[in-house]
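Note sheet for the following structure.
Derivation of every value follows stated rules applied to the coordinates shown; laboratory data play no part. Predicted model, so just to flag it, every value in this text is computed and none were measured. Methodologically, a virtual Cβ is constructed for each residue, glycine included, from the backbone with ideal geometry; neighbour enumeration extends over all protein chains shown.
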Amino acid sequence: MTDTGTDISELLADAALGVRIKHAPVEAIVVGGRRRRSRRRAAGAVVIALAVVCTAGILTSVSPGEDSGATSVAAEPDAVPRPSTEVIATGLLDGKHWTLSVDVWKRAADTKEAGRVWKAMEEAEYPDPQRAGGPGGPQLVHTGWFFASLKVGERHSFVYDGALTGAGNRKVETSWGKFTPTGSSWFVFGFTAPGVHAVTCTWDDGRKAAPPLRTVAGTDSRFFAIDAPAPKPNAGQPRCTAVD
């Protein structure tokens, strides 16, 4: 009791009546909570999407094509150069099948690529440290290169190699070859300049032959190989000429 006779409990009750209790904004809290959850879900979805894209990118960069067996696109600039290969003639010798094929290595775009092509050729073909101008293959910036090889049964042998003949030259180049070192059967291998569409070979006995010409991707030159009679001792190059 105070000296005014008013009970303190009554004073407290009167003070309480003057205070307005504000209700908590439950709906706003709920809505805000939903928005935060939505943002978290959206962010999570973005993270998952990025993870999927990154994973797919990694798989694409290391997985070869289904059919090609090639390396990934990212690795192509540094891939080992490869030739285009075609079989240009086949036959049968003493019961054994023989094939003569040609590898064509394309002309390099610059000296750096020439070095890579030269190194790949030395590893894949018959090695010659002086080929194409020597180490680094400087000539490969100006011309492509080809290799001819023979297979008789299971025996492989090197036949010929050289720079691809320049455009506009009507030249035909040929060489003699034996199917086996100890055998008596011979063949003639040859290649032409671009623009030559037919060739006639004339043998020492006067007979003539017209070998079919074959093309190989990467060059406009044409190639041929044909059975031939044994050349005479000290014979020169086979007489095969372009037909106009």
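Checked against a 29 Å cut-off, the cross-linked pairs Lys171/Lys232; Lys96/Lys119; Lys96/Lys171; Lys119/Lys208 give Cα-Cα distances beyond that limit for Lys96/Lys119; Lys96/Lys171; Lys119/Lys208. With q set to 0.11, 0.13, 0.15, 0.23 Å⁻¹, the log10 of I(q)/I(0) for the stretch 175-238, from the Debye formula over equal scatterers at the Cα positions, is -0.28, -0.39, -0.51, -1.00.
Over 12 Å, how big is the tail of the calculated P(r) for the stretch 119-165, in percent of all Cα pairs?
Value for the stretch 119-165 (Cα pairs over 12 Å): 65 percent.
The peptide list 213-222, 105-114, 229-238, 154-163, put in order of mean Cβ contacts within 10 Å with the highest first, becomes 213-222, 105-114, 154-163, 229-238.
Each 10 Å bin, from zero up to the one with the longest distance, holds this percent of the alpha carbon pairs of the stretch 121-199: 15, 40, 34, 11, 0.
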